[in-house]
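**Student:** Please find one structure pasted underneath; my questions will follow.
The values are calculated or read from the model by the stated rules, or taken from the named source; none is laboratory data. This one's a predicted model, so the numbers in the text were calculated from it and none came from an experiment. Every residue, glycine as well, gets a Cβ built from its backbone with ideal geometry; the counts of neighbours run over all protein chains shown. All accessible areas refer to the heavy atoms of the entire protein, side chains included, with ligands and DNA or RNA removed. Shrake-Rupley method; radii C 1.70, N 1.55, O 1.52, S 1.80 Å.
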Amino acid sequence: MKPMLSTKELIEHMKEKGITFRETSEKEAMDFLENNNYYMKLAAYRANYEKCAEGKRKGMYQNLDFAYLQELSRLDMHLRHLVLEMCLDIEHAIKVRLVDLATKDPQEDGYDIVRRFLAEEGGMRVLEGIRRHKAGEYCKDLIAKYYPYFPIWVFVELISFGDLLYFCYFCEKRYNVKIVNRTLMNTVRDVRNASAHSNCLLNKMTERIDATKQVNSEISNFIGAMPEISKTSRVNNMNCKFTNSFITLLYVYDCLMPVNSRKKRYEELQEFLEGRAVRHKEYFRTNTKIVGVYKFQEKVIKNLLTNT
């Protein structure tokens, strides 16, 4: 077991790892760790930096100041907020599509499709998940009024995102339509959960996807249609976990959302990339990993805005 260190001891530990305190003083760093963030989360961004391979500094980080970790944690927070908004938009769009499908079915009363879904394996688990929220301020009235016989327009408001996806797949089969790609939605779900639980998105920007896995063809074609992005750049970037997940989110968003929504979100992303993200660009100028990821995302967003 690793011993729990005091804030002062953590500062010394970082110095031993080669992290400097030129842009941010040790006193300011201590204040940040005690009031704004905690060490484990902040230290996660070290993975974006190389270590010295030899010499007196072997095993120590190269060109890494505490301020760079601070900035990455702040940028991550801003990005998570934008990503979560997009995920909530996607969730709403799926709900609208499902209710619309049922409404247009002359044989459907709004209750039967939910009843059939809950009769499937796992239905009791879904009901139990709803029941656990019966004391919640925002859902208790709906649950009290309808439990356990829900019309679809109430049901979609009460189930988790994961169960919404299962219900979506059930409805796709029933109506013989394609609403979402299951594989891609698994990625969107993971990104949504990470953002909602304040997990780091930018801690391993260039970590590669498993060599046994391939980039989804729909996503590859999505980027391949952008003339400003070369094949080499596409292949290199899309084989990184972060970029693959983020581009998957953009693709799903592009497929499901109306043009006005897409334009608004893409403009927000561009504003972030051209504004807050480069406020301290001097921190990352020598880090080719971070610069490469940034430039690729910037090209993608510009292309999406141009064609929206």
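**Student:** Please work out the FRET efficiency for the pair R132 and N63, using the Cβ-Cβ distance as r and a Förster radius of 35 Å; give the result to the nearest 0.05.
**Tutor:** On the way: r = 49 Å, r/R0 = 1.40.
About 0.10, to the nearest 0.05.
**Student:** While we're looking at this one, here's another question. Just list whichever of K264/K302; K41/K295; K41/K204; K27/K204; K41/K299 have alpha carbons separated by over 22 Å in the model shown. Don't jump to the answer; show the numbers that get you there.
**Tutor:** On the way: K264/K302 13 Å; K41/K295 25 Å; K41/K204 12 Å; K27/K204 27 Å; K41/K299 29 Å.
Listed pairs above 22 Å: K41/K295; K27/K204; K41/K299.
**Student:** Going by Cα centres, region 149-212 and region 128-147 are how many Å apart?
**Tutor:** 22 Å
**Student:** About its Cα centre, how strong a charge dipole does region 184-308 have in debye, to the nearest 20, once Lys and Arg get +1 and Asp and Glu get -1 at the Cβ? If you can, show how the numbers build up before the last one.
**Tutor:** Working: 20 positive and 12 negative charges, 37 e Å.
Using Cβ point charges on Lys, Arg, Asp and Glu, region 184-308 gives about 180 debye.
**Student:** Work out the FRET efficiency for T232 and E298 from their Cβ-Cβ distance, taking R0 = 25 Å, and round it to the nearest 0.05.
**Tutor:** On the way: r = 17 Å, r/R0 = 0.68.
For T232 and E298, the calculated efficiency is 0.90.
**Student:** Something else: Suppose R0 equals 45 Å; then what is the FRET efficiency for L82 and R174 from their Cβ-Cβ distance, rounded to the nearest 0.05? Walk me through the numbers before you get to the answer.
**Tutor:** On the way: r = 34 Å, r/R0 = 0.76.
Given R0 = 45 Å and the Cβ-Cβ separation, E is 0.85.
**Student:** If you fit an axis through the alpha-carbon atoms of helix 66-103 and take the longest principal axis of the Cα set of the chain, what angle between them do you get, 0 to 90°, nearest 10?
**Tutor:** Taking Cα atoms only, the helix is inclined about 10 degrees.
**Student:** Helix 161-175 sits at what angle to the longest principal axis of the chain, using alpha carbons and giving 0 to 90 degrees rounded to 10?
**Tutor:** So the inclination is approximately 40 degrees.
**Student:** Rounding to the nearest 20 debye, state how big the charge dipole of the chain is about its Cα centre with +1 on each Lys and Arg Cβ and -1 on each Asp and Glu Cβ. Kindly include the intermediate steps, with their values, before the conclusion.
**Tutor:** Working: 49 positive and 41 negative charges, 151 e Å.
So the magnitude is around 720 debye.
**Student:** Here is a further query. Accessible area per residue of region 1-111 at 1.4 Å probe, in Å²?
**Tutor:** Numbers: 6570 Å² over 111 residues.
With the other protein chains kept in place, region 1-111 gives 59 Å² per residue.
**Student:** What net charge is computed for the residues neighbouring G59, neighbours being all others with C-beta under 15 Å from the C-beta of G59, Lys and Arg scored +1, Asp and Glu -1?
**Tutor:** Details: positive: K15, K17, R46, K51, K56, R57, K58; negative: E16, E50, E54.
With Lys, Arg at +1 and Asp, Glu at -1, the neighbours total +4.
**Student:** Please compute the per residue accessible area over region 191-236 with all protein chains in place, 1.4 Å probe, rounded to a whole number of Å².
**Tutor:** Working: 2840 Å² over 46 residues.
For region 191-236, the per-residue accessible area is 62 Å².
**Student:** Work out the length of the dipole vector of region 1-104 about its Cα centre, built from +1 on the beta-carbon of each Lys and Arg and -1 on the beta-carbon of each Asp and Glu, and round it to the nearest 20 debye.
**Tutor:** Numbers: 17 positive and 17 negative charges, 77 e Å.
Taking the Cα centre of region 1-104 as origin, the dipole is about 360 debye.
**Student:** Among Y49, V114, V99, whose Cα projects farthest towards the positive end of the dipole of region 40-134, with charges put on the beta-carbon of Lys, Arg (+1) and Asp, Glu (-1)?
**Tutor:** Comparing the listed Cα positions along the dipole, Y49 ranks first.
**Student:** How many angstrom lie between the C-alpha centres of region 44-60 and region 239-269?
**Tutor:** 34 Å
**Student:** Still on this structure: If you take Rg/Rh (Cα atoms, Kirkwood Rh) from the coordinates, which of (i) 1.30; (ii) 1.14; (iii) 1.04 do you get?
**Tutor:** (iii)
**Student:** With unit charges on the beta carbons (Lys and Arg positive, Asp and Glu negative) and the dipole taken about the Cα centre of the chain, which residue among M257, C87, A194 sits farthest to the positive side?
**Tutor:** A194
**Student:** 222 nm [θ] for the chain, helices only, -39500 (n - 2.57) per DSSP H run of 4+, per residue, to 500?
**Tutor:** Taken over the chain, the calculation gives -19500 deg cm²/dmol.
**Student:** Compute the helix-to-body angle for 241-256: its Cα long axis versus the longest principal axis of the chain, expressed 0 to 90° and rounded to tens.
**Tutor:** Roughly 30 degrees, rounded to the nearest 10.
**Student:** Roughly to the nearest percent, how much of the accessible area of region 33-151 is carbon and sulfur, given a 1.4 Å probe?
**Tutor:** Values: 3570 of 7010 Å².
About 51 percent, which is the carbon plus sulfur part of the accessible surface.
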